[in-house]
Amino acid sequence: MNAIKLGCDQIFWGEGAINELTRLTGTFRKAFIVMSGDILRKTGGFKVITNLLEQAHIQWEDFSEVEPEPSFETVMRGKEAMKVFEPDLVIGFGGGSAMDAAKAMWVFYENEQYTKLTEAAAPNIIKNLGLKAKLACIPTSAGTGSEATRAALIKDPTQKQKYSIRDLNGRLVPTYAYLDPVFTGSMPKALIAGSGMDAITHSIEAYVTPQHNPFSDGMAMSAFKYAFQNIRQAYNDPEDTLARTNMLAASCMAGIAFSNCALGINHSIAHSFGAEFNIPHGMANAVVLPYAIAFNQKDPQTRAKYDELASLVGELDLLEAIHKLRKDLDIPTSFSQLLPADFDISVHIERLTEKAMADVCTLFTPLKPDIDQMRALVRSACLGK
């Protein structure tokens, strides 16, 4: 038996979608806006949101201290600010980091008895959600799909470990998502590439996991097709509103897909490098993707599913298509290109391998590696061999 939840209660998609915020008049009194830094103030996006909230007669307060890999300490600072402000609407506004941080702050705001990150980490049923506030997400990049997923990745800096905050009943999925391309036009090209490859990775891994089902398959296939067919245009011409709009849809659908099944070793390895070296999640997934595909396609059933995805976009071989795509998007071919010149893999290989093996995503990959195979994958992703 599968419990399927196909996204938020309401998803508003396309140009002008953000104006739907004004329809919240009379529904909420106070909104707590969670962001990463001041970039959205500088680009004007923050003012768009606050103007619409004020039109809806909703008071607001913002928290903009979220780092690229949100930490538990930041989550708890946000929770304390929420306790004072007492919002009934929490808004994650930004990329995956801001949306994940908003989800986590919401969890700890609703459950003051939780004091440790592990208390809210999977596998878990979170005691209280939605009693004090509802959750809305407004993505400014097209990749994580956090606006429609049932989990949030939060880092423990002390342990250099990422934890997935998740409710097994799917209640971390936001009530509202606003997918408006007006907010993605100012993305740097590297972020367009990394976040877009994140969506592609989500769709591929969701499609081949043994946990897949007809509902996740439908979302994964559509997400892969829209992302693959639009990412180059979005990267080469950031002014192309249609390409940006379609990438937002692809990202959201990919998030819905994996929320209703699982991910795999691509994410396991990306999580380990991200936690250890603060490599942005989307870029980490982009680096690992061809290595994960090459390993998984040794399984005939997985290779057949890869061929199905390739055929959706007019390609004969998925691995070759991904190699070409990465080159067109200027994605590094290995982690060594993102790490200091004096980086020595031999110092870190065992820790990275152990983290990847222990990651929850490894349980659901189609071809499960043993410790030696995982070590070889980590080494290849790092050195490009």
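Quick note: the coordinates plus some simple rules give every number you see, no bench work behind them. Computed from a predicted structure; not experimentally measured. Backbone-built Cβ (ideal geometry, glycine too); neighbour counts: all protein chains shown.
Would you work out the charge dipole size for the chain about its Cα centre, treating the Cβ of every Lys and Arg as +1 and the Cβ of every Asp and Glu as -1, and quote it to the nearest 20 debye?
Details: 37 positive and 44 negative charges, 82 e Å.
In debye, rounded to 20, the chain gives about 400.
Mind checking the full-extension length gain between Ser346 and Glu239? Use 0.36 nm per residue of separation minus the Cα-Cα distance, one decimal, nm.
Values: separation 107, 0.36 × 107 = 38.52 nm, distance 4.37 nm.
Residue separation times 0.36 nm, minus the Cα-Cα distance, leaves 34.2 nm.
For a quick check: sort Phe85, Phe295 by the number of other beta carbons within 10 angstrom, fewest at the front.
On the way: Phe85 15, Phe295 22.
Starting with the residue having the fewest Cβ neighbours, the order is Phe85, Phe295.
Please list, by residue number, every one of the GluC sites (Glu not before Pro) in segment 1-98 that is coil in DSSP and has at most 16 other beta-carbon atoms within 10 Å.
Working: sites: Glu15, Glu20, Glu54, Glu61, Glu65, Glu73, Glu80; in loops: Glu15.
Those satisfying the criteria are Glu15.
Can you compute the charge dipole magnitude of segment 10-183 about its Cα centre, using +1 on each Lys and Arg Cβ and -1 on each Asp and Glu Cβ, nothing else charged? Give it in debye, rounded to the nearest 20.
The dipole magnitude comes to about 300 debye.
Once whole DSSP H runs in the chain are found, which of them have Cα atoms spread over 30 Å or more along the helix axis and a mean Kyte-Doolittle score of at least -1.0? Spell out each step's value before the answer.
Numbers: long enough: 214-236 (34 Å, -0.36).
Both cut-offs are met by 214-236.
Full extension from Ile371 to Glu320: what is 0.36 nm times the residue separation minus their Cα-Cα distance, to one decimal in nm? Show your work: numbers first, answer last.
Numbers: separation 51, 0.36 × 51 = 18.36 nm, distance 2.69 nm.
Gain on extension, Ile371 to Glu320, equals 15.7 nm.
Which entries in Lys116/Lys162; Lys5/Lys134; Lys305/Lys355 show an alpha-carbon gap greater than 22 Å?
Values: Lys116/Lys162 13 Å; Lys5/Lys134 17 Å; Lys305/Lys355 28 Å.
Violating the 22 Å limit, Cα to Cα: Lys305/Lys355.
Of the options Gly94, Thr25, Ile125, report the single residue whose Cα projects farthest towards the positive end of the charge dipole of the chain (beta-carbon charges: Lys, Arg +1; Asp, Glu -1).
Most positive-ward Cα: Ile125.
Which lysines, if any, have their Cα less than 20 Å from the Cα of Lys385, not counting same-chain residues under 8 positions apart?
Filter leaves Lys298, Lys324, Lys327.
What percentage of all Cα-Cα pairs in the chain are separated by more than 37 Å? Don't skip to the end; give the middle numbers.
Values: 10948 of 73920 pairs.
Counting every Cα pair in the chain, those more than 37 Å apart make up 15 percent.
Amide H neighbours of Trp60 under 5 Å, at least 5 residues apart or on other chains, H built in the peptide plane: list them.
Those qualifying (amide H under 5 Å, at least 5 residues apart or on another chain) are Ala31.
Quick check: the distance between the Cα centres of segment 164-223 and segment 324-368, to the nearest angstrom?
Between the Cα centres of segment 164-223 and segment 324-368 lies a distance of 20 Å.
Please identify the trypsin sites (Lys or Arg not before Pro) of segment 49-136 that satisfy two criteria: DSSP loop assignment and at most 13 other Cβ atoms within 10 Å. Which are they? Display every interim value, and only then the final one.
Numbers: sites: Arg77, Lys79, Lys83, Lys103, Lys116, Lys127, Lys132, Lys134; in loops: Lys116, Lys127, Lys132.
Answer by residue number: Lys116.
Along the Cα-to-C-beta direction of Lys160, a point sits 7 Å from the Cα; which residues of segment 268-299 have their amide N less than 12 Å from that point?
272-279
What ranking of Met187, Met35 emerges when the number of other C-beta atoms within 10 Å of each C-beta is taken as an exposure proxy, fewest first? Write down the numbers at each step before the final one.
On the way: Met187 25, Met35 28.
The fewest-first ordering by Cβ neighbours comes to Met187, Met35.
Hey, if you put +1 on the Cβ of every Lys and Arg and -1 on every Asp and Glu Cβ in the chain, which of Gly384, Asn246, Pro157 ends up farthest toward the positive end of that dipole?
Toward the positive end, the furthest listed residue is Pro157.
Is the C-alpha gyration tensor of segment 10-183 telling us rounded, prolate or oblate? Criteria: a/c under 1.5 is rounded; beyond that, a/b larger than b/c is prolate, otherwise oblate.
Details: a/c = 1.59, a/b = 1.44, b/c = 1.11.
In terms of gyration-tensor shape, prolate.
When the chain is fully extended, how far beyond the present Cα-Cα distance does Leu6 get from Arg77, taking 0.36 nm per residue of separation?
22.4 nm
Quick one: dipole size for segment 189-383, taken about the Cα centre, charges +1 on Lys/Arg Cβ and -1 on Asp/Glu Cβ, in debye to the nearest 20. Don't skip to the answer; put the middle values down first.
On the way: 15 positive and 22 negative charges, 23 e Å.
About 100 debye.
Report, in deg cm²/dmol and to the nearest 500, the calculated mean residue ellipticity at 222 nm for the chain, where each DSSP H run with n ≥ 4 adds -39500 (n - 2.57) and the sum is divided by the residue count. Could the numbers behind the result be given before it?
Values: 13 runs with 187 residues, N = 385.
Here the helix-only value at 222 nm equals -16000 deg cm²/dmol.
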